[in-house]
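One structure below.
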Amino acid sequence: MKRSMTLLSLLLVACAPEGKHDAEDPPADGAPLEAPAVEAETDPSVVPPKAGELPHGWQLAGMAADEYEATTDADVVHQGRFSARLRATVDKPRAFGTMSQFFEADRYRGSRIRLRGFVKAEGVANWAGMWMRVDEGGEPVVLDNMQRRPLTGDVEWKEVSIVLDVAKQADQIGFGILLDGPGTVWIDGLVLEKVDLTVPTTSLGSKEHPLPEEPANLTFVE
């Protein structure tokens, strides 16, 4: 049986911030948040990333972060010069790892936002997924981790998206890529943007993806 990570475990543990995370301000007026187009060759103030190192601005976290590696990758890319790669470094990780970052929610409060990007998987024995969550008062309130549409096995580059509502009381937003178990997953071409209310949310427990009304299989016989 495949091991699955519950919504509760990710809400309480995955990348749980110790207070607010420092991050660069997201662009105003809902402009997409994406990698700058300036290349290091044309702007000496831009320090290019180094393949094989944790990308600047990101962190490696999760319940078993020491059993994973997060790096840039110059060989497997969907667009541009680099992708980010998260892979297990042991045969049977005891839990999940994630490459993530957080930023202030100020400019997105009261809005519906979409995170979209391209993902690729190789040898994912359990599951992997892009994720995003919104926090209020340091506590997670809405989340989508793609657990209901996971990446498994080998998956060629495909575009995925997450849509969440940012409450007026929200204080920070986190996002990233997670891997639960053996394998490797890549992510590239990330864009964060405001969308209108005609775009349905993907939040776990939302009207579009409701939670069960009652607990199930408490005797584990199914």
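The values are calculated or read from the model by the stated rules, or taken from the named source; none is laboratory data. What you see is a predicted model; the values in this text were computed from it and never measured. So basically every Cβ, Gly included, is an ideal-geometry build from the backbone, and we count neighbours across all protein chains shown.
Residue-by-condition table, conditions (1) surrounded by fewer than 11 Cβ atoms within 10 Å (Cβ to Cβ); (2) at pLDDT below 95; (3) more than 20 Å from the chain's Cα centre (by Cα); (4) part of a loop (DSSP other than H, G, I, E, B):
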{"site": "Ala14", "(1), (2), (3), (4)": "no, yes, no, yes"}
{"site": "Glu18", "(1), (2), (3), (4)": "yes, yes, no, yes"}
{"site": "His21", "(1), (2), (3), (4)": "no, yes, no, yes"}
{"site": "Glu24", "(1), (2), (3), (4)": "yes, yes, no, yes"}
{"site": "Pro48", "(1), (2), (3), (4)": "no, yes, yes, yes"}
{"site": "Leu54", "(1), (2), (3), (4)": "no, yes, no, yes"}
{"site": "Gly97", "(1), (2), (3), (4)": "no, no, no, no"}
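The set of residues from the stretch 70-92 being in a loop (DSSP other than H, G, I, E, B) and within 19 Å of Pro182 (Cα to Cα) comprises Val76, Thr89, Val90, Asp91, Lys92.
Apart from one condition, Pro140 fits all of (1) more than 12 Å from the chain's Cα centre (by Cα); (2) surrounded by fewer than 22 Cβ atoms within 10 Å (Cβ to Cβ); (3) part of a loop (DSSP other than H, G, I, E, B); the exception is (3).
Mind checking which residues of the stretch 99-137 are over 14 Å from the mean Cα position of the chain (by Cα), among the small types (Gly, Ala, Ser) and either under 12 Å from Gly174 (Cβ atoms) or modelled with pLDDT under 95 (or both)? If the condition is that a residue be over 14 Å from the mean Cα position of the chain (by Cα), among the small types (Gly, Ala, Ser) and either under 12 Å from Gly174 (Cβ atoms) or modelled with pLDDT under 95 (or both), then Ala105, Gly137 are the ones that fit. Scan the stretch 183-203 and give yes if some residue there is free of Cβ contacts under 8 Å to residues at least 60 places away in the same chain, surrounded by 18 or more Cβ atoms within 10 Å (Cβ to Cβ) and not charged (D, E, K, R), otherwise no. Looking for residues that are free of Cβ contacts under 8 Å to residues at least 60 places away in the same chain, surrounded by 18 or more Cβ atoms within 10 Å (Cβ to Cβ) and not charged (D, E, K, R), one finds at least one in the stretch 183-203, hence yes.
Taking the condition of being part of a strand (DSSP E or B) and either at pLDDT below 95 or among the charged types (D, E, K, R) (or both), how many residues in the stretch 144-171 meet it? Counting residues in the stretch 144-171 that are part of a strand (DSSP E or B) and either at pLDDT below 95 or among the charged types (D, E, K, R) (or both) gives 6. Among the conditions (1) buried (at least 19 other Cβ atoms within 10 Å of the Cβ); (2) in contact with an Asp or Glu (Cβ under 8 Å, 6 or more places away or on another chain); (3) of a type in the set (Gly, Ala, Ser), the only one that Ala167 does not satisfy is (1). The residue pairs whose first member lies in the stretch 100-121 and is over 17 Å from Ile187 (Cβ atoms), whose second member is surrounded by 18 or more Cβ atoms within 10 Å (Cβ to Cβ) and of a type in the set (Gly, Ala, Ser), and whose beta carbons are closer than 7 Å, counting only pairs six or more residues apart or on different chains, are Ala105/Ala170; Arg109/Ala170. The lone criterion from (1) touching a helix residue (DSSP H, G or I) at 6+ places or on another chain (Cβ under 7 Å); (2) within 27 Å of Val199 (Cβ to Cβ); (3) part of a strand (DSSP E or B) left unmet by Arg107 is number (3).
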